[in-house]
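Heads up: the structure comes next, in structure tokens.
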Amino acid sequence: MSYQKDPRVDDYIDKLPDWQQEICHQVRDIVHAADPEVVETIKRTVQPYFVLNGNICALLAAKNHVNVFLYDGGIVPDPEGIITAGHQNKTARMISYYEGEPINVPALSQLLKHIIANNRAGGWRKIIAARSPK
């Protein structure tokens, strides 16, 4: 897969243990495959973010797992149940991936595509506001 890489994201990933690098590279590929216009960047000094008309997701390696923060306002359906935390969060939910744990690529791809579609429609805040009774 070919896409524009931010060398700062490479620097972040390259410093991680091999198993975390593998997870981050796979998630990175999945995000870019969801839409060729996705841009990667660094926010909060070191954290990799993927954006398109707003935040899509971010990576954060922890001691024994990698977190993928999904910026969806909690409105994107999760029929496969891959979201592991933040179910009541008003901004972002999270998927934690542990060493040796497979990534459900179709489910993650669907979540990311839905977040991107929502971003293109004005973002989850606008969508929630439109759904709220006036």
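Between the DSSP loop rule and a limit of at most 13 other Cβ atoms within 10 Å, which trypsin sites (Lys or Arg not before Pro) in the range 1-30 are left?
Answer by residue number: Lys5, Lys15.
What percentage of the solvent-accessible surface of the range 50-130, computed with a 1.4 Å probe over protein heavy atoms, is contributed by carbon and sulfur atoms?
Values: 2150 of 3970 Å².
That fraction is 54 percent.
Shown here for the range 36-123: trypsin sites (Lys or Arg not before Pro) in loop regions (DSSP other than H, G, I, E, B) with at most 12 other Cβ atoms within 10 Å, namely Arg44, Lys63, Lys90. Relative to the current alpha-carbon distance between Thr91 and Asp14, full extension at 0.36 nm per residue lengthens the span by 24.9 nm.
Entry comment: accessible area of the chain is 55 Å² per residue, from protein heavy atoms only and a probe of 1.4 Å.
Charges only on Cβ, +1 for Lys and Arg, -1 for Asp and Glu: so what's the dipole of the chain about the Cα centre, in debye to the nearest 20?
Details: 15 positive and 15 negative charges, 188 e Å.
With only Lys, Arg, Asp and Glu charged at Cβ, the dipole is about 900 debye.
Of the cross-linked pairs Lys5/Lys90; Lys63/Lys90; Lys5/Lys126; Lys5/Lys63; Lys15/Lys63, those separated by over 22 Å at the C-alpha level are Lys5/Lys90; Lys63/Lys90; Lys5/Lys126; Lys5/Lys63.
The values are calculated or read from the model by the stated rules, or taken from the named source; none is laboratory data. Note that the coordinates shown come from a computational prediction; the quantities given were computed from them, not determined experimentally. Using ideal geometry, Cβ is built from the backbone for each residue, glycine included, and neighbour counts are taken over all protein chains shown. Accessible surface areas use protein heavy atoms only, side chains included; no ligands, DNA or RNA. Shrake-Rupley method; radii C 1.70, N 1.55, O 1.52, S 1.80 Å.
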